[in-house]
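First the structure, in the form of structure tokens, and then the observations on it.
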Amino acid sequence: MLPKKKSAKKRKFVYLPREESEFGKLILRASHGDIEPLCAYLRKGHLSISRHDAGWLAWLLEKKLPRSRGRPRGSLSVKNVAVQCASYLVRHGKRTWCKHHRKKIATKNAPVDRLIKRAIELVVPHFSLRSKINEDEVRALANLKPSYEVKQFVGEDLPDALEEIAFEALK
């Protein structure tokens, strides 16, 4: 005998009572896809929304707005930002080494391990971290393109670290 197939997840039925107010009618129209009248009503600016109408608006926003799918790109923890800054410093040091030695990519002669250790030493004092930064995490991110925010942060808050890592790369 074949095992039974699991049924698809059932959607909850939400009963929407007939609304008599103008705002309620606009909410119902928006729930069916016509959001322009509701937006025009809200843009008037000189109106106040009752608690009941605010509840309907909250329902509309929770149920009808599309949500992004998948896992978030990254968390905003302090440790992750510190690792990204350290990896950017390593990337900067490798670039400096390549320019000095007229190479396109860093070879096995490049002092990558030394750069990683020095980058971690330079970054840790600026962040109050509960756990240590792992060298493997920094190495993994050093080959990825850093975000604009990380470049801005390192450029504004750690300018001495950029000079120090460039000096370390040329030792």
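The values are calculated or read from the model by the stated rules, or taken from the named source; none is laboratory data. Nothing here was measured: the structure is a model prediction, and the numbers come from that model. We place every Cβ from the backbone using ideal geometry, glycine too, and count neighbours over all the protein chains shown. Ligands, DNA and RNA are stripped out before the accessible areas are found, and what is left, the full protein with its side chains, is counted by its heavy atoms. Shrake-Rupley method; radii C 1.70, N 1.55, O 1.52, S 1.80 Å.
Overview of values
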| read-out | value |
| --- | --- |
| Peptides ranked, highest mean first, by Cβ atoms within 10 Å: ranges 136-143, 47-54, 157-164 | 136-143, 157-164, 47-54 |
| Share of carbon and sulfur in the accessible heavy-atom surface of segment 99-142 [1.4 Å probe, %] | 49 |
| Cross-link pairs Lys104/Lys132; Lys132/Lys171; Lys117/Lys151; Lys99/Lys132 - those with Cα-Cα distance over 28 Å | Lys104/Lys132; Lys99/Lys132 |
| Positive-end residue, segment 95-137 charge dipole about Cα centroid, Cβ charges, pick of Pro111, Pro125, His101 | His101 |
| Proximal aspartates and glutamates to Lys63, defined as alpha-carbon separation beneath 16 angstrom and excluding residues fewer than eight positions away on the same chain | Asp34, Asp53 |
| Unit charges on C-beta of K, R, D, E only; dipole of segment 93-171, Debye | 620 |
| Potential extension, Arg29-Asp157 segment - 0.36 nm per residue separation minus Cα distance | 41.1 nm |
| Leu170-Val124 pseudo-label distance in nm [points 7 Å out on the Cα-to-Cβ vector] | 2.7 |
| Cross-link partners of Lys103 among aspartates and glutamates (Cα-Cα below 17 Å; sequence separation of 8 or more within a chain) | none |
| Cβ crowding within 10 Å averaged over residues, with 85-96, 110-121 ranked highest first | 85-96, 110-121 |
| Per-pair calculated FRET efficiency, R0 = 35 Å: Arg69 and Arg95 via Cβ, rounded to 0.05 | 0.45 |
| Gained length - Asn80 relative to Arg51, 0.36 nm times residue gap less alpha-carbon distance | 6.4 nm |
